[in-house]
1. Identify the residue in the range 24-34 that is without any contact (Cβ under 8 Å) to a residue 12 or more places away in the chain and in a loop (DSSP other than H, G, I, E, B) and, among all such residues, is nearest to Ile13 (Cα to Cα).
2. Would you tally the residues in the range 12-40 being in contact with a Leu (Cβ under 6 Å, 6 or more places away or on another chain) and more than 14 Å from Trp53 (Cα to Cα)?
3. Inspect all residues belonging to the range 36-45 and state whether any of them is touching a residue at least 12 places away in the same chain (Cβ under 8 Å), closer than 16 Å to Asn7 by Cβ and hydrophobic (A, V, I, L, M, F, W, C).
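Just so it is clear, none of the values below were taken in a lab; they were calculated from the coordinates. Predicted model, so just to flag it, every value in this text is computed and none were measured. With ideal geometry, Cβ positions are generated from the backbone for all residues, glycine too; neighbour counts draw on all protein chains shown.
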Amino acid sequence: DPKPRRNPRPEQIRILEAIFNSGMVNPPRDEIPRIRMQLQEYGQVGDANVFYWFQNRKSRSKNKL
């Protein structure tokens with residue numbers, strides 16, 4: 001069974017977008033746990049979630065061009 005997809009909360013997306021828009025489109029490995037700690041105030045999230053969010057966000061921004 002695939003795990004149910006966890007959709008990030010609006011607060012989490014705001015944080016992620018702010019980081020992305022500040023120019024950190026590809027957070028280094030040691031930044032990911034820090035970002036996750038910020039997001040965890042609003043709900044459960046894992047390092048992999050953070051990593052994939054940035055990957056997906058990058059490809060979404062490429063598609064817009």
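1. Met24
2. Of the residues in the range 12-40, 0 are in contact with a Leu (Cβ under 6 Å, 6 or more places away or on another chain) and more than 14 Å from Trp53 (Cα to Cα).
3. Yes, the range 36-45 contains a residue that is touching a residue at least 12 places away in the same chain (Cβ under 8 Å), closer than 16 Å to Asn7 by Cβ and hydrophobic (A, V, I, L, M, F, W, C).
Quick grid of which residues meet (1) surrounded by 12 or more Cβ atoms within 10 Å (Cβ to Cβ); (2) among the small types (Gly, Ala, Ser); (3) not in a loop (DSSP other than H, G, I, E, B):
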| position | (1), (2), (3) |
| --- | --- |
| Asp1 | no, no, no |
| Pro4 | no, no, no |
| Gln12 | yes, no, yes |
| Ile15 | yes, no, yes |
| Arg36 | yes, no, yes |
| Glu41 | no, no, no |
| Tyr52 | no, no, yes |
| Arg57 | yes, no, yes |
